[in-house]
1. Go through region 56-81 and report how many residues are part of a loop (DSSP other than H, G, I, E, B) and hydrophobic (A, V, I, L, M, F, W, C).
2. Those residues that are among the charged types (D, E, K, R) and in contact with a Phe, Trp or Tyr (Cβ under 8 Å, 6 or more places away or on another chain), I need them from region 31-65; list them, please.
3. Hey, among A48, A86, A55, A62, which residue is touching a helix residue (DSSP H, G or I) at 6+ places or on another chain (Cβ under 6 Å) and either open to solvent by less than 10 Å² (accessible area, probe 1.4 Å) or closer than 30 Å to F4 by Cβ (or both)?
4. In region 255-276, what count of residues is obtained for those that are under 19 Å from I241 (Cα atoms), out of contact with any helix residue (DSSP H, G or I) (no Cβ under 9 Å at 6 or more places or on another chain) and modelled with pLDDT of 95 or more?
5. Six or more apart or on different chains, Cβ under 8 Å: which pairs go from a residue in region 107-128 that's without any contact (Cβ under 8 Å) to a residue 40 or more places away in the chain to one that's crowded, with 22+ Cβ neighbours inside 10 Å? Could you list them?
6. Mind telling me which of the residues Q153, Q182 ends up being touching a residue at least 12 places away in the same chain (Cβ under 8 Å) and either closer than 20 Å to Q76 by Cβ or touching a Phe, Trp or Tyr at 6+ places or on another chain (Cβ under 6 Å) (or both)?
7. Can you work out which of the residues in region 264-282 that are assigned to a loop (DSSP other than H, G, I, E, B) and of a type in the set (F, W, Y) is surrounded by the most Cβ atoms within 10 Å (Cβ to Cβ)?
8. Within region 247-263, can you find the residues that are open to solvent by 50 Å² or more (accessible area, probe 1.4 Å) and assigned to a helix (DSSP H, G or I)?
Amino acid sequence: MILFEPIKLGNNTLKNRMVMAPMTRSRANVDGIVGDATLLYYTQRASAGLIISEAINISKQAIGSPLTPGLYTDEQITAWKKVTHAVHEKGGVIYAQLWHTGRVGHSLVKNGAQPVSASALAIEGQQHFTLEGMKDYETPSVLSVDEVKIIVQDYKQAAINAIEAGFDGVELHAAFGYLPDQFLAASANQRTDEYGGTNENRNRFVLEIMQELIAAIGANKVAIRISPTSTYNNIVHQNPIEQFSLLVSELDKMPLAYIHIMNVPFPADKFPEYPTNSVETFGVLTQHTIIANCGYTKETGEAALEKGIAKLISYGALFLANPDLPKRFELNAPLNQPDRATMYGGKEEGYIDYPFLEQ
């Protein structure tokens, strides 16, 4: 099977085509520092060809959810060093996913600071988890152009910190309604300056970040995750095929490690202008390695690889519940089922206690 074949990715050779997708687990402490349980969690799953870390806050301002890790203090960097070292000792490769939540947060999680975004548009119809329970979203503060430029530099510094922490590369989280996606989406970005109004302008923030990440840590170590059809967090794109085709064509000019595309299902009756398959629509527009994500099984992942557009498949919940997922796929062994009640927060239960086959 293609899933089990090695592949060159950026500056690394991966032992298989199975990627552990980035998954927020909310197991850091209140200072954004990961501990021994996180170290074990990632090393248990080091048989993945590539591990992409859970989303990591690039700055204090970036925080949106409680107990999520950071990569902007010496203590946070030191803690991640232990994780990356242990993964490498197991023969694994690990990238850091860089995260700014923008308006997907709450002042109760941010020590009273207001969330920020491209425009003063609150998320409606959803609530946000805080340590004081579920809360309605607040209207974010609008970022000035100068503040946008500062955040671009925060991403750059986070990439430098990631390499210091031993990560093999970084992935920009530009999907699922977080800050870069807020700039991409007309539903969240009503700016009239250089960052809004046209596809070129709405794409600008993401492209500036990517350029700075490459300048900071070099070629073939920088990647990006996009979700052109996700409507979560009130994200709607006016013309995603046109906009993301332009974005991908610009990304194709950069020396990237890969482009990670989420194939998020959507209500087709409401969004007839959306592509039915983002991987196939946008993956053919670039020479970069494509990682396909969203609901793949062993069989559908292999079928996607056989089409030749995606070169790797990322698995989220399946890797969460099956630390030895490649071996289970190889042996056609039964799969552990993920416990959704223990996905976020808590301690060892639902985190590092999923059994291996030999157990």
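1. Residues in region 56-81 being part of a loop (DSSP other than H, G, I, E, B) and hydrophobic (A, V, I, L, M, F, W, C): 5 in total.
2. R45, K60
3. A86
4. Total satisfying the criteria: 1.
5. Once the first residue is without any contact (Cβ under 8 Å) to a residue 40 or more places away in the chain and sits in region 107-128, its partners that are crowded, with 22+ Cβ neighbours inside 10 Å give S107/P115; Q114/P140; A120/P140; A122/R103; A122/P140.
6. Sole residue among the options that is touching a residue at least 12 places away in the same chain (Cβ under 8 Å) and either closer than 20 Å to Q76 by Cβ or touching a Phe, Trp or Tyr at 6+ places or on another chain (Cβ under 6 Å) (or both): Q153.
7. Result: Y274.
8. Passing the criteria: only E250.
The values are calculated or read from the model by the stated rules, or taken from the named source; none is laboratory data. Keep in mind that this is a model prediction, so the values were computed, not measured. With ideal geometry, Cβ positions are generated from the backbone for all residues, glycine too; neighbour counts draw on all protein chains shown. Heads up: the accessible areas ignore ligands, DNA and RNA and are worked out on the full protein's heavy atoms, side chains in. Shrake-Rupley method; radii C 1.70, N 1.55, O 1.52, S 1.80 Å.
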